[in-house]
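Structure, as structure tokens:
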Amino acid sequence: MLNRRQREAMKHPNVLGAGAEKRRKLRSSERGNVIAAEFERGTLHSGSGKVVKNPAMMRAIIYSETHPKGKDHPHSVKRKYKGDKHG
């Protein structure tokens, strides 16, 4: 269930950048719900301007907009060797 601030952020035209501009005013914890709602509604755009249809891409957008810059991904794997896939 979206609160009033989140519903206001959902009111935007279906054009590239309009949703991201409205989401900047929300708290980090609220942005994820709004992004998921835009994905379900079919108005979530990627950086290239295409509508996002893949749930994995939606999660990547949520992560990039809710986590501060410069922080490592919590599940990132540090590789010892170039060809080693398991750490």
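Here are the numbers for the structure shown:
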| read-out | value |
| --- | --- |
| Extreme residue, nearest to K50 (Cα to Cα), among residues of region 1-26 that are touching a strand residue (DSSP E or B) at 6+ places or on another chain (Cβ under 9 Å) and not polar (S, T, N, Q) | L16 |
| Cβ-Cβ under 7 Å pairs, at least 6 apart or on other chains, region 34-46 side on the phi > 0 side of the Ramachandran plot, far side at pLDDT 90 or above and surrounded by fewer than 17 Cβ atoms within 10 Å (Cβ to Cβ) | G42/V51 |
| Members of region 34-57 found to be surrounded by fewer than 18 Cβ atoms within 10 Å (Cβ to Cβ), farther than 15 Å from K11 by Cα and not small (G, A, S), listed by number | K50, V51, K53, N54, P55, M57 |
| Residues being free of Cβ contacts under 8 Å to residues at least 40 places away in the same chain and within 9 Å of the chain's Cα centre (by Cα) - total across region 47-67 | 9 |
| Output for region 22-60, where each listed residue is over 10 Å from Q6 (Cα atoms) and of a type in the set (K, R) | R24, R41, K50, K53, R59 |
| Subset of region 1-33 that is touching a Gly at 6+ places or on another chain (Cβ under 8 Å) and not in a helix (DSSP H, G or I) - its residue that is surrounded by the most Cβ atoms within 10 Å (Cβ to Cβ) | H12 |
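The values are calculated or read from the model by the stated rules, or taken from the named source; none is laboratory data. None of these values were measured; they are calculated from a predicted model. Every residue, glycine among them, receives a Cβ derived from its backbone with ideal geometry; neighbour counts consider all protein chains shown.
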